[in-house]
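The values are calculated or read from the model by the stated rules, or taken from the named source; none is laboratory data. Predicted, not measured: the structure shown is a model, and the values here were computed from it. A quick note on method: Cβ atoms are made from the backbone with ideal geometry, for glycine too, and the neighbour counts reach across all protein chains shown. The area values use the complete protein model at the heavy-atom level, side chains included, leaving out ligands, DNA and RNA. Shrake-Rupley method; radii C 1.70, N 1.55, O 1.52, S 1.80 Å.
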Amino acid sequence: MPLIVIVALVIGAGVLLWLLRCKLSSDRELLRLRQELAAESAHLHDAQNQLQLLFSAIPYPMWVYDRATLRFTSVNDATVRTYGFSQEEFLGMTVLDIRPPDEKPTLLDYVNHLHLGLNSTGIRRHRKKDGSLLFVEVRGFAFERNGGSYELTLANDVTQRKLMEEALRQSQASLQSLVDSAPFGIIRSLLEGDRFESLNPAMLKILGGYNLDEAMHLKISTQVYSDPKDRGRLIEILRRNKTVQGYELNLLRRDGSTVPLRISGS
């Protein structure tokens, strides 16, 4: 066999061995990459499952909706319990469906002016499946995913708080009405100050016809009490006993005359 043929065969064998080694190395690298990809995929799947579990377990109503269509894309269990719609019903609805009609323009304006990240809409009224309304304090987080725009919303039910605030407001209004219509004088002042905090109409009349603004600028010890020491005596009794009953003194009227009064308070 000619020498050149032998040399060619040796070189060819060497090349084939080198190509084989390259392929084996490439196969091992490809296998490693596939294993890493599988591990990352499993890790991502576990993370998604954990996020979904956390989303479902949060005790406050939360949902995600598509900002383009306003349709719900996911809701947690607390949302289902609070609003009364099933998961399947929610996924066929838009966020407009849980608003009373007069709240819808406000919602549309809010969505049109959303910015990425945290957003707050304050307290809003929402509608439950049975038609009843609840007050919720809303927080949102706008984000983009796979070319779409979404918002994650948390709604904290503050209905009981709003009802208590309204009841307190009505109670205060009723109390103020009673004070204003009382036939006897009622005042409020601070122990540390020497000014009135409030006076009812009967007290203004007793003092001789001051208007409320004028009376609020009077110095009690010298412009209301005939004896300036009475202010100090009353404060000492209140600090010692927390209340005073039937303390008698003279008050100065606007025209300079005096009027005797019996004071009780706490």
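The residues of the stretch 179-198 that are of a type in the set (D, E) and part of a helix (DSSP H, G or I) amount to a single one, D180. Only residues that are touching a strand residue (DSSP E or B) at 6+ places or on another chain (Cβ under 8 Å) and outside any strand (DSSP E or B) were counted in the stretch 242-253, giving 2. Among the residues of the stretch 254-266, those identified as in a loop (DSSP other than H, G, I, E, B) and either touching a residue at least 40 places away in the same chain (Cβ under 8 Å) or among the aromatic types (F, W, Y) (or both) are R254, D255, S257. Applying a threshold of 6 Å to beta carbon distances and a minimum spacing of six or more residues, or different chains, the list of pairs starting in the stretch 142-160 at a residue that is farther than 15 Å from L116 by Cα and ending at one that is aromatic (F, W, Y) and part of a loop (DSSP other than H, G, I, E, B) reads L154/Y60; N156/Y60.
When A68 is tested against the conditions (1) of a type in the set (A, V, I, L, M); (2) part of a loop (DSSP other than H, G, I, E, B); (3) closer than 14 Å to L152 by Cβ, the lone failure is (3).
Determine whether G193 is at positive phi and surrounded by fewer than 16 Cβ atoms within 10 Å (Cβ to Cβ). No: the conditions fail for G193.
When the test is whether a residue is closer than 24 Å to R161 by Cβ, out of contact with any Lys or Arg (no Cβ under 6 Å at 6 or more places or on another chain) and among the acidic types (D, E), D109 does not pass it. Listed by position, the helices (runs of 4 or more DSSP H) enclosed by the stretch 199-241 that each have at least 2 residues that are surrounded by 15 or more Cβ atoms within 10 Å (Cβ to Cβ) and within 46 Å of the chain's Cα centre (by Cα) are 201-206, 229-241. Note on the stretch 76-137: enclosed helices (runs of 4 or more DSSP H) holding 2 or more residues that are in contact with a Pro (Cβ under 7 Å, 6 or more places away or on another chain) and open to solvent by less than 70 Å² (accessible area, probe 1.4 Å) are 77-83.
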